[in-house]
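What follows is calculated from the coordinates using simple rules that are stated; it is not laboratory data. In this text, all values refer to a predicted model and were calculated from it rather than measured experimentally. Please note: Cβ atoms are built from the backbone with ideal geometry, for glycine as well, and neighbour counts cover all protein chains shown.
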Amino acid sequence: MLHTIQQAINPHDRYQLEIKLDYELLDDNKTNYRVYTYFFLPQSLGISEDNYQKSDFYRDVQNYIRLKTPTLDLRAIATQDDSPLTAVHRIVNTESWQQDSALKTQLINHLKLLSAMLKTAMREHFLLIYKRIEEAPDDAKIHRIIHNLVETFLTETEALAASYRTLFGEFNLPGVDAEIFTAYSLTDEYISLLIEEAAIEMYEIVEAHLKNTKREQFMRRLSARAANESNHRRAMGYGSVLKEDDDNETYVFRASVLKKYAASVLYLSTAVRREGRGTEQFLYAIAAGLSMIFATIVAFYFQSLYGNLTLPFFAALVVGYMFKDRIKELARDIFSAKLQDRLYDRRTDICSLDGKHKLGVLREKVSFVQEKDVPRPVLQSRNKDSFADLANAGFGETIICHAKDVVLYADAFAKVSVDMPTMTGLNDITRYDVRRFLKKMAEPVQERPFLLNDELTTITTHKVYHLNLISRYRVLKPKAKKEKSHTGVRVVLNQKGIKRIEPAN
């Protein structure tokens, strides 16, 4: 995996596979990435170029493109000068900020960004904890390795929440717009939810891995932190409070809305269009012209040979028209094939939400490919064994290639980052709906007879199918950064959808 591209592949739900790519802006005015994702499908799924068109693929795909969340660690979010929390304090300490529309817009953006960055900071904090636990030798004392990370979480989240809630008096005033007070309240509620959920996750880690005298103390503090946040939301009248003997529909709904609200500051405007329409129409016009030249030559020749209003001339006109039509269609097919090799299927212009700045361009195309046309490093990453060929009756797997070409413009990112933390790249989230792959699958649970201790019994078996995804990443520009990388996963499917995702062997 390139250090400039980060990938995460997870099931979004039972039927959707989510691939998240982070494109990092490199040290050049223009950054160009190319990403190829190869789908290796079993023949038994019945997917082919004849029954699965490009339009079907794009109907099954949903794309989300947004700015990459700026990163600060937990301690920096509470104290650092470029933290959104610091920016909020600075704005409310500005004289007459309530009457300044530009400051009010900045304030709302910083409030949203605060909770979005806190979510990312917590995720990175937990990833480090899990990494330390995973990499620790068997004889290591885990509590010594992660003790300071648990303490940092408790200290910094308490400091951040306290600092943020001191602002309540600044917003709960008659002269403050309702929109700003709403932004403060929604951010407060989401921060509280994030801290409570993280405290519960940290509680589970402490319970499982800490064995020293600090274990019970940490568990009490984490339990109190989670309870305090729940009590805070209840006291403020927020609806996101879990209740026993309740379906907690309101909790789930509000948590989802709050997540979207925080992320909205990173949203971008995208305009998708088919690529090469003008070129395609021009080439089709050439095809029509070539066929017309042929028909005209035939007409002129037989007219000069047999004259007007003769049977041979009439027959020549009919034959000329027949071949004219076929020549035009043949030329169109040839030009279309050449266009598909050189052009992409569709082009997405990526702009700031107000449409003022063009941040980049994403181009995509999808095609069925033969195994002989797949790059050798991709096949090596696929690491197919003899059973894969046997499962496909010796015909090989069906291979679909989804290619993306991404260009980012550094100067546009610099303009978007004015009065905000520096934006360093894009998140490209693609969701693939796999339901079309499930139609010809066998029953997921099957019964089989089995002899056990000379007695006939029945056991349950599970029928699964393997969808292998291999991604190839390339940096095309800047040239000094040129490099390639490959990664792969196996998606285990059954008739009911995605069962699990595991590393490709």
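For Gln446 and Lys479, compute 0.36 nm times the residue count separating them, minus their Cα-Cα distance, and round to one decimal in nm.
6.4 nm
Under 20 Å of direct C-alpha separation, and excluding same-chain neighbours fewer than eight residues apart, Lys358 reaches these aspartates and glutamates: Asp22, Glu24, Asp27, Asp28, Glu275, Asp349, Asp405, Asp411, Asp419, Asp428.
Taking other Cβ atoms within 10 Å as a rough exposure proxy, Tyr130, Tyr465, Tyr267, Tyr33 sort from fewest to most as Tyr130, Tyr267, Tyr465, Tyr33. Note on Asp27 and Thr71: their simple-model spin labels are 1.8 nm apart, each label 7 Å out from Cα toward Cβ. Taking only the C-alpha atoms of the stretch 74-267, the Rg (one decimal) and the largest Cα-Cα distance, Dmax (whole number), read 18.2, 62 Å. The lysines within cross-link reach of Lys328, meaning a Cα-to-Cα straight distance under 23 Å and a gap of 8 or more places when in the same chain, are Lys338. A simple spin-label model places pseudo-atoms 7 Å from Cα toward Cβ; at Ser55 and Thr182 they are separated by 4.0 nm. Electrostatic tally near Tyr261: other residues with Cβ closer than 11 Å to its Cβ, Lys and Arg +1, Asp and Glu -1, net +3. Checking the cross-link pairs Lys112/Lys496; Lys68/Lys141; Lys30/Lys131; Lys112/Lys415 against a 27 Å limit on the alpha carbon distance flags Lys112/Lys496; Lys68/Lys141; Lys30/Lys131 as lying beyond it. Output the 0 to 90 degree angle, nearest 10, between the alpha-carbon long axis of helix 101-135 and the longest principal axis computed from the alpha carbons of the chain. Helix 101-135 sits roughly 90 degrees off the main axis of the chain. Mind checking the stretch 404-505 for trypsin sites (Lys or Arg not before Pro) that DSSP puts in a loop (not H, G, I, E or B) and that have at most 15 other Cβ atoms within 10 Å? Filter output for the stretch 404-505: Lys439, Lys440, Lys463, Lys482, Lys496. Listed by chain and number, the aspartates and glutamates placed with their C-alpha closer than 14 angstrom to that of Lys214 are Glu151; residues fewer than eight positions away on the same chain are left out. Qualifying GluC sites (Glu not before Pro) in the stretch 422-505, where qualification requires a DSSP coil assignment and no more than 14 other C-beta atoms within 10 Å, comprise Glu483. Annotation note: GluC sites (Glu not before Pro) in the stretch 206-249 located in DSSP loop regions with a Cβ neighbour count of at most 11 within 10 Å are Glu244. Net length available on complete extension from Arg435 to Asp82 is 122.6 nm, with 0.36 nm assigned per residue and the Cα-Cα distance removed.
Given R0 = 45 Å, the distance between the Cβ atoms of Thr166 and Lys463 translates into a calculated FRET efficiency of 0.15.
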